[in-house]
1. If you count only protein heavy atoms with a 1.4 Å probe, what accessible area per residue comes out for the chain, rounded to a whole Å²?
2. Is there a quick way to get the dipole size of the chain? I mean about its Cα centre, with the Cβ of Lys and Arg at +1 and of Asp and Glu at -1; what is the value in debye to the nearest 20?
3. By how many degrees, 0 to 90 and rounded to 10, does the Cα axis of helix 17-29 deviate from the longest principal axis of the chain?
4. Take 41, 63 and sort them by solvent-accessible surface of the protein heavy atoms, 1.4 Å probe, largest at the top.
5. Go ahead and estimate [θ] at 222 nm for the chain from helices alone: -39,500 (n - 2.57) per DSSP H run with n ≥ 4, summed, over the residue count, rounded to 500.
6. Within the chain, what whole-number % of the accessible surface is contributed by carbon and sulfur, with the 1.4 Å probe and all protein chains included in the calculation?
7. Provide 29, 46, 12, 35 ordered by accessible surface of protein heavy atoms (probe 1.4 Å), highest first.
8. What FRET efficiency comes out for the pair residue 21/residue 56, r = Cβ-Cβ distance, R0 = 22 Å, nearest 0.05?
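The values are calculated or read from the model by the stated rules, or taken from the named source; none is laboratory data. Just so it is clear, the structure is predicted and the values come from calculations on it, not from any experiment. Using ideal geometry, Cβ is built from the backbone for each residue, glycine included, and neighbour counts are taken over all protein chains shown. To get the accessible areas, we keep the full protein, side chains included, count just its heavy atoms, and leave off ligands, DNA and RNA. Shrake-Rupley method; radii C 1.70, N 1.55, O 1.52, S 1.80 Å.
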Amino acid sequence: MNIEEARLSLYTKGSYIDRKDLLVRTMLTAGFTITDRRYIEHEDDTGYYHYSVDVVKPYSFEES
């Protein structure tokens, strides 16, 4: 059994809430577990909102 973890960073110039909700729903539907969701900051120089979502997914593989 392996457990893989990843941090997904969402950058958007508009409201991040709807996109964040879609990303979280998509990851949950695909069997991932959400371990953290965090608003990082608004980047004044670029105009982007930065939001991160940490996910984990255990899986097993068979050796041949």
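1. 77 Å²
2. It works out to roughly 280 debye.
3. On a 0 to 90 degree scale, this one is about 0.
4. Output order, biggest surface exposure first: 63, 41.
5. It lands at -6500 deg cm²/dmol.
6. 48 percent
7. Largest to smallest exposure gives the sequence 29, 35, 46, 12.
8. 0.70
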